[in-house]
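What follows draws every value from the coordinates through simple rules; no lab data is involved. The model shown is predicted, which means the values in this text are computed figures rather than measured ones. For neighbour counting, all protein chains shown are included, and Cβ atoms are generated from backbone atoms with ideal geometry for every residue, glycine included.
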């Protein structure tokens, strides 16, 4: 199998972190240079169908994009440690928290970065109010996670899951927009520091 | 089990449509009136942890939100017809297309509705440019789906899957923003008309 990766974007990092937690080392990793437009090259699009990284090329040539689809597929081949759930109920709870992390934190923080970071000004018309509104939205949403983390060591279970990886990467990425975890969110802070101290946090960063 | 539902929002419709395709009739459906703020009532929040519909209360009292987490959980209990994939590879392809449907079509069309429909003006400051940009983004993304549907009867497989349900509901909902499938997208049109003709399309609408 081959993983098409980019060090510059947050979504590919989910897969790298996920693979590092599982100790997966037998997948070839190929860097796609987004600034050179390699994700829009004809041979790349012929494989993936869309100009996105990450992408996973299976041994039969089937290629999928979408970081979470890739991670779930890899979990079927490398089941331990389990990161998506051991039974339908746990899987549902983990998927719920993963989606909350993506939609309530990840998407707003991504918008805050895109609408505020000077290096991304070439990609779209930046609107300061959009950056500000999204940053505030993520801060509000973090309260839900702070309450959760007051009673649980990790977001979705009593062990690390994909939900933690998604949330931690979003917050780390948002440093590009000068985002900081609000001081009063002590449980998020404790969890985030523990996440960033994991060896897998540094995978390919 | 109990499903907390709302007729007014598109995400709960995913679960209703999904249940109708599977012929699930033994789950109690409870309407949550969003305009009365019932999703913010203390007893609702105590169950769900967040002011969201839909929510599924399991027989042991565990309650989950997030329409796709709910649907995947229901698939484990009501496996046929299969809508999430029969093996890891198919599951990955279906998840990839479901996420593309959500993020490339669903989210932009939702933003277009929120920033243009008079009935939603009370919920946020509407910016006409945001509505327009998002509508155009969804139209561009639909080209990817038109190419896919030129070679496949359904979006993710040769049969109906959750990806079709998610995409069709987004497009139908976007009629609130006067969104129309562009005339040249004949494959999307054929697929959409077929989707809307399914009996399950009318579940609770």
- Query: Any idea which of (1) under 21 Å from residue A:23 (Cβ atoms); (2) touching a helix residue (DSSP H, G or I) at 6+ places or on another chain (Cβ under 7 Å) is the one residue A:59 doesn't satisfy?
  - Reply: (2)
- Residue ID - nearest to the other protein chains (Cβ to nearest Cβ), chosen from residues in the range B:93-117 that are within 26 Å of residue B:58 (Cα to Cα) and more than 13 Å from the chain's Cα centre (by Cα): B:95
- For the range B:178-205, the count of residues that are farther than 18 Å from residue B:101 by Cα and part of a helix (DSSP H, G or I) equals 3
- Filter the range A:179-199 down to residues that are in contact (Cβ under 8 Å) with a residue 60 or more places away in the chain and surrounded by fewer than 18 Cβ atoms within 10 Å (Cβ to Cβ), then give me how many there are. 2
- Query: In the list A:49, A:37, A:61, A:23, which residue meets the criterion of being within 18 Å of residue B:99 (Cα to Cα) and surrounded by fewer than 22 Cβ atoms within 10 Å (Cβ to Cβ)?
  - Reply: A:49
- For the range B:66-87, what are the residues that are more than 8 Å from chain A (Cβ to nearest Cβ) and surrounded by 23 or more Cβ atoms within 10 Å (Cβ to Cβ)? B:67, B:71, B:74, B:83
- Message: As an exercise: evaluate residue A:22 against (1) out of contact with any helix residue (DSSP H, G or I) (no Cβ under 9 Å at 6 or more places or on another chain); (2) closer than 23 Å to residue A:195 by Cα and give the number of the one condition it does not meet.
- Response: (1)
